[in-house]
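Report on the following structure.
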Amino acid sequence: MSETLQAVKGMNDILPDEAGLWLWLEDAVRDWLEAYGYRNIRMPLVEPTSLFKRAIGEVTDIVEKEMYSFEDSLNGDQLTLRPEGTASCVRAVLQHNLLYNAPQRLYYSGPMFRHERPQKGRYRQFHQIGVEAMGFAGPDIDAEQIVMCARLWKQLGIRDVALQINTLGDAASRQRHREKLVAYFEQHKDELDADAQRRLYSNPLRILDTKNPAMQALVSAAPKLMDELEPEAIVHFESVQAILKQHDIAFEINPRLVRGLDYYNRTVFEWVTTRLGAQGTICAGGRFDGLIAQIGGKPAPACGFAMGVERLLALLQEDGRQNPSARLDVYVVHQGEKAQNLAWHVAEALRDGGLRVLLHCGGGSFKSQMKKADGSAAACAVIIGDDEVAANEVMLKPLRGGGEQLRVCVQELQQKIHELIK
């Protein structure tokens, strides 16, 4: 006997008993985004590898170690399963010239792929909801996206999340800071772990984000980017803070918050929780004014964020949010060839009237079918046998909350069911 095939490690099935909560969250998120004027965009799962190397940075962990890349056997193209959505979204905006007439507020959702060690809240195929605003230069859009998130947490009933913000300044200030960081860490090379030594000359800013306890004191004493900021960047960051304060959004300025992608500048932010262990970031983003030109378009400002669906669901489940059952109004029970024909017509007519109907398939006695009807969570059962066919009637039996079984004319059935379940 051959071995049963399993899903790829870190790529999980979402079963029907779990999917209801996913659908509920997706509906809530879609309504929330559309309330802020964001429109949906959908990009391919596979993109040219060069897109991510150019956008994310060749010396980031994602590009160096985590991307699923392969050669197209038909034409030799180098392709990659998307590890994040921003680069793909920018590519689509440029390819279709969406910024020609006006700025764009866009959102997308779907699976992303990173080859890393699977653990709770961190999978090789994971799902993100991404939000991008392109063509907006002012601090108001940065602040609005943060205020948006606060509204979503309130609507979903998610508690115990905290906001951390920082500014990365502009390219010139980051370059000055980079040079000082390299000089500082060179003086303490013996104290750097392997990751930090690897990043010292390629991406020293990422050393500040280390989780290694042995390096915390060293990193805390490192030169501060805040000391290098231009006046314009300082004013931008202060304006973001002022708007957040006006809306009573509590925040902490975390000078070590640098994000893991090279394309960020100025405002960056993370919403974090202590309830998911090491995977405490549930939503993160910031401004990426240089990315559009970096990918090949005319320079344009942009700001966005992404949230991890699995992590949001974990928080909801921890708070006792149950998987909502799919609503089912009617279970149609029938026995006999003529009864089956009528059952088909009745089921379709009820669906035409907006009801959710499960038509029994597979035969069986009335007793066995009624047992399945009781277990289906349907509000009522419609029972059809030879006697009912002859009389052009059906039996209508409430399954929830009591009530008597009724003999109902087929033409009046829909109205009776609506009265029963209202």
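Quick notes on this structure:
- The chain - mean residue ellipticity at 222 nm from DSSP helices (-39,500 (n - 2.57) per run, n ≥ 4, rounded to 500): -11000 deg cm²/dmol
- For the chain: Kirkwood Rh in Å [reciprocal of mean 1/r, alpha carbons]: 25.3
- Across the stretch 330-421, the relative contact order, built from alpha-carbon pairs under 8 Å that are at least six residues apart, equals 29 percent.
- Sequence-distant contacts, meaning Cα pairs under 8 Å at least 6 residues apart, place the relative contact order of the chain at 15 percent.
- The alpha-carbon of Lys154 sits under 28 angstrom from the alpha-carbons of these lysines, leaving out residues fewer than 8 places away in its chain: Lys120, Lys245.
- What the Cα convex hull of the stretch 330-421 gives, in volume per residue, is 85 Å³.
- For the stretch 220-285, the calculated P(r), taken from all Cα-Cα distances in 10 Å bins from zero up to the bin holding the longest distance, is 16, 46, 33, 5 percent.
- Per DSSP, loop GluC sites (Glu not before Pro) in the stretch 12-74 with at most 14 further Cβ within 10 Å: Glu58
- Around Leu218: net Lys/Arg minus Asp/Glu count, Cβ-Cβ under 15 Å: +1
- Neighbour net charge for Lys338 - beta-carbon separation under 12 angstrom, K R +1, D E -1: -4
- Normalised by the number of residues in the stretch 265-422, the average gap of Cα pairs under 8 Å and 6 or more apart makes the relative contact order 16 percent.
- Separation of the alpha carbons by more than 24 angstrom is noted, of Lys189/Lys211; Lys53/Lys189; Lys224/Lys298; Lys397/Lys422, for Lys53/Lys189; Lys224/Lys298.
- In the chain, the longest principal axis of the Cα atoms and the axis of helix 231-246 are about 40 degrees apart.
- A straight Cα-to-Cα reach below 19 Å connects Lys371 with the aspartates and glutamates Asp329, Glu404, residues fewer than 8 places away in its own chain not being considered.
Values in this text are rule-based calculations from the coordinates and carry no lab data. None of these values were measured; they are calculated from a predicted model. When we count neighbours, we look across all protein chains shown, and the Cβ atoms used for this are built from the backbone with ideal geometry, even at glycine.
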